[in-house]
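**Q** Input: one structure, supplied below.
The values are calculated or read from the model by the stated rules, or taken from the named source; none is laboratory data. Predicted model, so just to flag it, every value in this text is computed and none were measured. With ideal geometry, Cβ positions are generated from the backbone for all residues, glycine too; neighbour counts draw on all protein chains shown. Quick note on the areas: whole protein, heavy atoms, side chains included, nothing else; ligands and nucleic acids left out. Shrake-Rupley method; radii C 1.70, N 1.55, O 1.52, S 1.80 Å.
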Amino acid sequence: MEVNAGNLSKRIEIICRTKTKDKDGYETVTDTVVRTPWAQFSRTSGTEAQRAGAEMEDIKVRFLIRSGKSRISRKDVVRYDNDEYEIEYVNDYGDAGEYTELICRRIDTGG
């Protein structure tokens with residue numbers, strides 16, 4: 001699979017979100033930026049979503065990034081263009097292991 005590195009033109013953040021309890025027992029959330037790679041961003045087309053039977057608000061997006069030393073898990077979050085995305089699938093893209101594909105769903109912040 002041929003990847004044009006020039007298409008990796010969108011800056012994203014991979015965030016590890018940890019929840020802990022403070023001294024009073026209240027839950028606190030801490031975001032730690034694990035990586036800030038360049039990515040290729042694409043949305044699933046409406047036709048593809050309909051074929052898959054997805055709800056329109058549940059349309060998937062795809063980020064393609066260069067693979068790195070830090071491991072990315074489904075517990076991490078992607079931040080891009082003031083939106084956050086839940087990682088649903090992490091895939092080694094191609095045989096060389098040079099790229100990683102992240103299939104994500106936008107997190108509704110309720111705002």
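**Q** Answer yes if at least one residue in the stretch 31-39 is modelled with pLDDT of 95 or more, touching a Leu at 6+ places or on another chain (Cβ under 7 Å), under 22 Å from Asn7 (Cβ atoms) and open to solvent by 40 Å² or more (accessible area, probe 1.4 Å), and no otherwise.
**A** yes
**Q** Now for a different question. Across the stretch 10-24, what is the number of residues that are assigned to a loop (DSSP other than H, G, I, E, B) and either exposed (fewer than 11 other Cβ atoms within 10 Å of the Cβ) or without any contact (Cβ under 8 Å) to a residue 24 or more places away in the chain (or both)?
**A** Qualifying residue count for the region: 3.
**Q** Please determine, by comparing only the residues of the stretch 80-111 that are part of a strand (DSSP E or B) and closer than 11 Å to Leu64 by Cβ, which one is modelled with the lowest pLDDT.
**A** If we take residues in the stretch 80-111 being part of a strand (DSSP E or B) and closer than 11 Å to Leu64 by Cβ, then Tyr93 is modelled with the lowest pLDDT.
**Q** While we're looking at this one, here's another question. If a residue must be loosely packed, with under 15 Cβ neighbours inside 10 Å and touching a residue at least 60 places away in the same chain (Cβ under 8 Å), how many such residues does the stretch 62-93 contain?
**A** The total comes to 1.
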